[in-house]
């Protein structure tokens, strides 16, 4: 699952975090993802998630002290954790920094995971590409591909989640799905028809006005991972009107990692 949480802003009024927190955490608890990528997570939101979802371990550093994080979470009853880390999408990836024409500093959080049931190995990565810088999105995507290619272990499957702030068939998505890793868009390879709307960014609207042009959240998998089901969960709740739990819909892919390298 990948889910942009929408940072906690008082100016959001009825859509501020305290008014939608239970719906957001409830959706995650209901879907019970084994691997979860989050974006825009502030420290207080992370604390709320940890309290509500005790089966999940949350990884990752904020992009600035006390700022947003692109946390990668995993179910510790399903996986054991190897090594993990966070790097910045810039020419100085080991220190907080902005890259290229990026409006904000951006990070990627990664982890080597081992499935407890059978010892199957995974390299998972979660990110949030810049919302303004076109070059930053492309160079950040290329940097991620280089990192995954260089750090992928023997017999290790690769999967990636993120808010890419760009649509399918744009240069950043083309870079991420290049032959280097062979990552594939889970929607396009689902064995069963995708469910839900195409668009994933809703601006807190139950029915986004231009939903067909706003698919910016992705689950990408390498060729050793099959996709049984894919869905964009366009859920809403009734509290001072019909409201969504974030300004993005969650994207869920039911994966079948049974292939071999």
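Every read-out reported here was derived from the displayed coordinates using simple, explicitly stated rules and does not represent laboratory data. Please read all numbers here as calculations on a predicted model, not as lab measurements. Every residue, glycine as well, gets a Cβ built from its backbone with ideal geometry; the counts of neighbours run over all protein chains shown.
Highest mobility in the GNM of the chain, judged by mean-square fluctuation with C-alpha springs under 10 Å and restricted to 203, 167, 242, is found for 242. Semi-axes of the equivalent ellipsoid of the stretch 155-261 are 28, 15, 10 Å, computed as sqrt(5λ) over the eigenvalues of the C-alpha gyration tensor in descending order.
Dividing the summed helix terms, -39500 (n - 2.57) for each DSSP H run of n ≥ 4, by the number of residues in the chain produces a 222 nm estimate of -6000 deg cm²/dmol to the nearest 500. Under the simplified labelling scheme, the residue 65-residue 9 pair shows an inter-label distance of 2.5 nm, with each label point 7 Å from Cα along Cα→Cβ. Full extension of the chain between residue 203 and residue 118 yields a length gain of 26.5 nm, computed as 0.36 nm times the residue separation minus the alpha carbon distance. Among 154, 248, 128, the order by Cβ neighbours within 10 angstrom, fewest to most, reads 154, 248, 128.
Full extension of the chain between residue 92 and residue 134 gives 13.2 nm of extra length, using 0.36 nm per residue less the Cα-Cα distance. Computed over the Cα atoms of the chain, the ratio of the radius of gyration to the Kirkwood radius (Rg/Rh) comes to 0.93. Residues 109, 224 in ascending order of nearby Cβ atoms (within 10 Å, fewest first): 224, 109.
Beta-bridge orientation, the chain: approximately 75 percent antiparallel, per DSSP, counting only bridges with both partners inside. Shown for 114, 158: other C-beta atoms within 10 Å of each C-beta, ranked fewest to most, produce the order 114, 158.
Here the calculated FRET efficiency for residue 192 and residue 242, from their Cβ-Cβ distance with R0 = 25 Å, stands at 0.35, rounded to the nearest 0.05.
Potential lengthening of the chain between residue 235 and residue 178 amounts to 17.3 nm, from the contour at 0.36 nm per residue minus the alpha-carbon distance. With the biggest extent put first, the Cα atoms of the stretch 1-43 measure 33, 17, 14 Å across the principal axes.
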